[in-house]
Amino acid sequence: MKKAIQNVCLLVILISATQSIKKGYGVGDIAIDFKLKNIDGKMVSLSDYKSAKGFIVIFDCNSCPVSKLYNTRIIALNKKYLSLGFPVVAINSNDEQQSPDDSYAEMVSEANKKKYDFAYLHDQSQEVAQTYGATNTPHVFVLSKNGLSLKVAYIGAIDDNSRDGSKAEKKYVENAVDALLNGNQVPVTKTKAIGCGIKWKDA
Amino acid sequence: MNRFALSVFLYLSAITIGFSQNPRVVKISEIESLIVTKSDKIQVINFWATWCAPCVKEMPILEKANLENGNIKVTLVSLDLDIDPSPEKVFKFVERKKITSRVLILDEHDPNSWIDKIDNQWSGALPATLLVNTKTGNRKFIERELREGELDDLIKQLN
């Protein structure tokens, strides 16, 4: 009987372990590179950014009202950190059947309208979002580059105030990137925020 | 008239007209208390916003269940104030859609500080639905749009 209980416990642990693997990256994991189509029609990989020290990867979209509130903050992040070696790379993983406003054509038009000066990539197969474990938009993964490997240093929200960036008390992404640039430990490595769920393809 | 005065006016007019369900603006502690306070009914707590299309789409499932299933109590927790300074849109939505379930409007800042208090599986994406049998403490958490028939199955599992 005891043995049986032990086995059940072991099984439960194993099942929860596999489930957590499915959920994408945790802080400290090594992230994969990808090759996705940018709004200018060219394919982009993180390895193309030869001099980058890391990346601010943002799963984002056109249609989500929370994303819309963060547009100018994302443009400002790239402005501030591109020259310091941490460019913004935005990825739209929404399925265009579920969310027609997030089609590739709409992405191009949105990026032009808002004058995005960073990559805005189309994750049509949704594989990158699944591998990273992105759940909502905007959802940030700060990666730090060590040699050829990309280590996940921060996962979560841009700051603690979606409604009004000027009232944000905790600028999570800026704090994480500043820490990496100064060789310090990232103060807060994981946060959550209210956002639009990524619009997955029908199974 | 400024925005605040306008919302107060709308709110008061809603009371005067006599809606049975005037959405109240609440703090997270009220939602936490719903989850733990012993009740004969299974608490179905849905997190939504007027701007969230899949939330609006699934709402009839929750409304129907609340009317037809005497064993449950549905609470629709609006997160509109996370991005909007005024609850006006929620008031109008509830009026237009003739929502009969209880609607609460959550007013909190820094979602990272309270999302785990609802459920630590929750990423913060909307819609999300928590079902709790407050007597046994058993719970189910769904972070996506509910499918037709799914709610009944989940309720059965908690009975």
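Evaluate segment A:95-112: report whether one residue or more is closer than 23 Å to A:Y25 by Cα and either charged (D, E, K, R) or crowded, with 24+ Cβ neighbours inside 10 Å (or both). Give the steps one after another, and end with the answer.
Going through segment A:95-112, the residues closer than 23 Å to A:Y25 by Cα turn out to be A:95.
With the extra rule that they be either charged (D, E, K, R) or crowded, with 24+ Cβ neighbours inside 10 Å (or both), the set shrinks to A:95.
Looking through segment A:95-112, at least one residue is closer than 23 Å to A:Y25 by Cα and either charged (D, E, K, R) or crowded, with 24+ Cβ neighbours inside 10 Å (or both).
Only one entry in B:L106, B:L126, B:L131 is more than 8 Å from every other protein chain (Cβ to nearest Cβ), open to solvent by less than 10 Å² (accessible area, probe 1.4 Å), in contact with a strand residue (DSSP E or B) (Cβ under 8 Å, 6 or more places away or on another chain) and more than 20 Å from A:A168 (Cβ to Cβ), namely B:L131. Residues in segment B:69-88 that are in contact with a Phe, Trp or Tyr (Cβ under 8 Å, 6 or more places away or on another chain) and in a helix (DSSP H, G or I): B:D80 only.
Per the conditions (1) crowded, with 19+ Cβ neighbours inside 10 Å; (2) touching a Lys or Arg at 6+ places or on another chain (Cβ under 9 Å); (3) of a type in the set (A, V, I, L, M), the sole criterion not satisfied by B:I35 is (1). Of the numbered criteria (1) loosely packed, with under 12 Cβ neighbours inside 10 Å; (2) modelled with pLDDT of 95 or more, the one A:S16 fails is (2). Looking at segment A:69-88, can you tell me whether even one residue there is in contact (Cβ under 8 Å) with a residue 40 or more places away in the chain, in contact with a Gly (Cβ under 6 Å, 6 or more places away or on another chain), over 29 Å from A:K201 (Cα atoms) and hydrophobic (A, V, I, L, M, F, W, C)? So far as segment A:69-88 goes, yes, one or more of its residues are in contact (Cβ under 8 Å) with a residue 40 or more places away in the chain, in contact with a Gly (Cβ under 6 Å, 6 or more places away or on another chain), over 29 Å from A:K201 (Cα atoms) and hydrophobic (A, V, I, L, M, F, W, C).
The strands (runs of 3 or more DSSP E) found wholly in segment A:90-203 and carrying at least 2 residues that are within 14 Å of chain B (Cβ to nearest Cβ) occupy A:139-146, A:149-156, A:195-197. Here segment B:134-154 is the region considered, the condition is being more than 14 Å from chain A (Cβ to nearest Cβ) and hydrophobic (A, V, I, L, M, F, W, C), and the residue that is surrounded by the most Cβ atoms within 10 Å (Cβ to Cβ) is B:L151.
The values are calculated or read from the model by the stated rules, or taken from the named source; none is laboratory data. All of these numbers come straight from a predicted model, not from anything done at the bench. Cβ: placed from backbone, ideal geometry, glycine included. Neighbour counts: every protein chain shown. SASA here: full protein model, heavy atoms, side chains in, ligands and nucleic acids out. Shrake-Rupley method; radii C 1.70, N 1.55, O 1.52, S 1.80 Å.
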